[in-house]
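Chemist: Structure provided below as structure tokens; questions to follow.
The values are calculated or read from the model by the stated rules, or taken from the named source; none is laboratory data. Because the structure is a prediction, the values reported are computed rather than measured. No Cβ is skipped: glycine too gets one built from the backbone with ideal geometry, and neighbour counts run over all protein chains shown. Side chains are part of the model used for accessible areas, which takes the heavy atoms of the whole protein and leaves out ligands, DNA and RNA. Shrake-Rupley method; radii C 1.70, N 1.55, O 1.52, S 1.80 Å.
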Amino acid sequence: MVHARSGAVPQRRFVEFAGVQKSYGSVKVVSDLNLGIERGEFVTLLGPSGSGKTTCLMMLAGFESLSAGDIFLDGASIGSMPPQKRNIGMVFQSYALFPHMTIAENIAFPLQARRIGKAETAERVARALAMIRLDSFGGRLPGQLSGGQQQRVALARALVFEPSLVLMDEPLGALDKQLREEMQYEIMHIQQRLGVTVVYVTHDQSEALTMSNRVAVFNGGKIQQLGPPKQIYEEPVNTFVARFIGENNRLDGTVRAISDDGCTIDAGSGRSIRAVAVNVSAAGERTTLSIRPERVVVGPAAANAENCFDATIDEVVFHGDHLRMSATVCAQPGFIVKIPNSAGISMGSPGDSIKIGWAASDCRALDHG
Amino acid sequence: MSSPSARKSKADIWRTLASVITVLVFLFLLLPIAAVLPLSFSSGSFLAYPMPGLSLRWYEELLTNYKWLLALKNSAVVGIGAAALSTVLGLSAAIAMRGLGPRARSIVNGFLIAPLVMPVIIMAVGLYLFFSNLGLVGTIPGMILAHTVIGTPYVVISAGAALQNFDMQLIRAAKSLGASPWMAYRRVMLPAIRPAIVAGALFAFVASFDEVVIVLFLAGPGQVTLPVRLFEGIRDELTPVVIAAAMIMIMISVGLMTVIELLRRKSVARRGME
Ligand SMILES: Nc1ncnc2c1ncn2[C@@H]1O[C@H](COP(=O)(O)OP(=O)(O)OP(=O)(O)O)[C@@H](O)[C@H]1O
Ligand SMILES: [Mg+2]
């Protein structure tokens, strides 16, 4: 005990991946994953197809073995514990409801596996059905429910045995857009009410930004960036994250000088841009600048910005709540600007020249990509 | 160039011709059986038309004569025993085969299915020589084991096909919910493939029920089954009791095949629902 108090045993997070690796044959799918998750947190693994998200989740659930490293849950190593002993709830993309059991029998299943008495089982099933607002559906078979209803049943079934950790692998992937957004809020609210820890997998970045406390952006089996949605969105640490999350303008250039308060980038033909130095270390390096479309100012107001350039409008598209302009800036086409559709706005028409500007703090110099 | 209506009537002719041929083939297959079956209701003792009158005396004879009763009992015991054993073995094999790679699976599958294509007489000789060393010739357990060999492939095929369509994700889901592997199999996998298992078991029963050659080799006087007794009956007595026995065998086989077909439709419907 003295040992523990002296700090020789490292303080573990509620869920902790410690140096986890996974290879299939000679192919490394997850390399040296270290990720700590707090109790009650909603963490999303976000990344393109094949980036290793499902593999990580399956290792946590116990359906895939680890090639190296260990996983800890509530301080205990679970790296080699069989899945049925881990007490982790899981929601599958395909719902995986048992087709021959009624909804109530499906939800009762984990309670029966834990040998909970009949009366208590019935009561907890009724409460779970009420939670997902399907009180009167207990006697139906899964095949008689809509996709969204089946998804809610899968959620209730994964929560009814009160696990402290629930895993979800693209649970909304099969639903249409509107239902998906509704379900996002429903899952968030249930998670907050129960205080359960959730590890969520998706390749939909807006879903990740909406639902999570923290997002881990995956690519090639590595975490590229881990942080709250706002930070991931506004302060991407590399070109991959900037490109993957949200819409994003990129300008290529060369570092001219780096100082404490930022850097100066040469964008060709003597044009220089002030930017935040994120991923550049020396003058002469090639870099890609990242600027969010909604941070760009157009028209006379642009003259006050630290970075102000003449742009040529290539296209203006009406999008209902906003206008979207595509322009050529610093001789590089495809620069996107979003303008809220407030009364009397006019951006000009293709071929016009227009002033465009942005603050140095909204412009990030990243690795050249 | 033919007009659309001419083409249409041509198609009609072909369709009618196909129907006629089908009916003729069925008549060719069924008439010999249908022709003799009424004789089982004859009140006379000869297998010949015209019948002197109608009676159920041959059915009565069948159900009171100890030789026929013994044969019926032997057929039932051997059939049920072989079907049960085939089901356990075939289901286990089908489940285990899922874990194999595609090459190993096709080899093991071919091996398990082999009794279906093997000449029965060869199997019968082999089993006879093998079982005589073990003292199993002339015993009911020996016959059950022998018929398990021919029944197992049916269960392997039937359960294997159902397992192909079974979503293994459901087993993962069951385990994630805390189910032991045994509970996952029993509560999730077995119910999903139950119609196919029952169909396989019935097939195995019918295969045993109809089997003659192996029984001729392995059975002593006390282990004679219904088809073999029928065979002896034709040789020895040749009264309408033989036809009555045949009638009963046909009824049982047709009944079981009907059940199998209903189960097949049910499992197709179940799959379609998902
Ligand atoms: N059993 C396996 N054998 C070999 N490679 C595999 C196996 N399972 C997954 N992989 C590989 O591992 C990589 C990561 O797969 P994973 O399923 O974790 O991706 P993902 O991020 O979940 O993608 P998606 O968004 O498409 O679901 C992929 O390149 C995949 O081809
Ligand atoms: Mg995946």
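Chemist: Using only the Cα atoms of the stretch B:10-84, what do you get for the radius of gyration and for Dmax, in Å?
Modeler: Here Rg and the maximum Cα pair distance are 20.0, 61 Å.
Chemist: Continuing with this model, one more query. Three principal axis extents, largest first, for the C-alpha atoms of chain A, in Å?
Modeler: 77, 56, 40
Chemist: My understanding is that a pair violates if its Cα-Cα distance is over 18 Å; which of A:Lys22/A:Lys53; B:Lys175/B:Lys266; A:Lys53/A:Lys85; A:Lys177/A:Lys222; A:Lys85/A:Lys222; A:Lys28/A:Lys222 do that in this structure?
Modeler: Violating the 18 Å limit, Cα to Cα: B:Lys175/B:Lys266; A:Lys53/A:Lys85; A:Lys177/A:Lys222; A:Lys85/A:Lys222.
Chemist: Long-range amide H contacts for A:Ser67: which residues qualify at under 5 Å (H placed 1.01 Å from N, peptide plane, sequence gap of 5 or more or a different chain)?
Modeler: Under 5 Å from the amide H of A:Ser67 lie the amide H atoms of A:Gln21, A:Lys22, A:Ser23, each far enough along the sequence or on another chain.
Chemist: Here is a further query. Quick check of the Kirkwood formula: for the protein assembly as shown, what is the inverse mean of 1/r over all pairs of different Cα atoms, in Å?
Modeler: On the way: mean 1/r = 0.0315 Å⁻¹.
Taking the inverse mean of 1/r over all distinct Cα pairs, the protein assembly as shown comes out at 31.7 Å.
Chemist: Now a separate question. Spin-label point model (7 Å from Cα, Cβ direction): what's the B:Ala48 to B:Tyr66 distance in nm?
Modeler: My value for the distance between the label points is 3.4 nm.
Chemist: Tell me, what HN-Hα J-couplings in whole Hz come from the Karplus equation 6.51 cos²θ - 1.76 cosθ + 1.60 at θ = phi - 60° for each residue of the stretch A:158-171, using x for Gly and Pro?
Modeler: 7, 9, 5, 8, 6, x, 8, 9, 10, 10, 9, 9, 6, x
Chemist: Give the percent of DSSP beta bridges with both residues in the protein assembly as shown that are antiparallel, rounded to the nearest 5. Mind showing how you got there, number by number?
Modeler: Working: 61 of 81 bridges.
For the protein assembly as shown, the DSSP antiparallel bridge percentage is about 75.
Chemist: On to the next question. List the lysines whose alpha-carbon lies under 20 Å from that of A:Lys338, not counting same-chain residues fewer than 8 positions away?
Modeler: Result set, ordered by chain and number: A:Lys230, A:Lys355.
Chemist: Quick one: grab Rg to one decimal and Dmax as a whole number for the stretch A:249-367, Cα atoms only, in Å.
Modeler: 14.5, 46
Chemist: Right, another one. Protein chains only, probe 1.4 Å: how do A:Arg364, A:Arg140, A:Arg133 rank by accessible area, largest first?
Modeler: Numbers: A:Arg364 30, A:Arg140 95, A:Arg133 145 Å².
My answer, sorted largest first, is A:Arg133, A:Arg140, A:Arg364.
Chemist: Counting each pair of different Cα atoms once, what's the Kirkwood radius of the stretch A:25-116 in Å, rounded to one decimal?
Modeler: Values: mean 1/r = 0.0643 Å⁻¹.
After inverting the pairwise mean of 1/r, the radius is 15.5 Å.
Chemist: While we're on this one: Cα-based Rg (one decimal) and Dmax (whole number) for the stretch B:82-157, in Å?
Modeler: 13.5, 41
Chemist: Quick one: net charge of A:Phe161's neighbours, Cβ under 9 Å, K/R +1, D/E -1? Show your work: numbers first, answer last.
Modeler: Working: positive: A:Arg114, A:Arg124, A:Arg157; negative: A:Glu162.
Residues near A:Phe161 contribute +2 overall.
Chemist: To continue, here is another question. Tell me which residues come under 5 Å, amide H to amide H, from A:Gln93 once H is placed; ignore anything under 5 positions away on its chain.
Modeler: A:Asp169
Chemist: For chain B, with a Gaussian network of springs between Cα atoms less than 10 Å apart, report the residue from B:Ala184, B:Ala93, B:Ala244 with the top mean-square fluctuation.
Modeler: Looking only at B:Ala184, B:Ala93, B:Ala244, the biggest GNM fluctuation is shown by B:Ala184.
Chemist: Same structure, new question: From the phi angles alone, apply the Karplus equation (6.51, -1.76, 1.60; θ = phi - 60°) to the stretch A:243-259 and give each ³J(HN,Hα) in whole Hz, x where the residue is Gly or Pro.
Modeler: Ordered by residue, 3J(HN,Hα) equals 6, 6, 9, x, 8, 7, 8, 10, 10, 8, x, 10, 5, 9, 8, 10, 10 Hz.
Chemist: Rounded to whole Hz and in sequence order, give me ³J(HN,Hα) for the stretch B:190-203 from the Karplus expression 6.51 cos²θ - 1.76 cosθ + 1.60, θ = phi - 60°, writing x for Gly and Pro.
Modeler: Listing the rounded values in order: 4, x, 5, 10, 4, x, 5, 5, 4, 4, x, 5, 5, 4 Hz.
Chemist: Given the stretch B:1-143, report the % of alpha carbon pairs whose separation exceeds 22 Å.
Modeler: Details: 7290 of 10153 pairs.
I get 72 percent for the Cα pairs in the stretch B:1-143 exceeding 22 Å.
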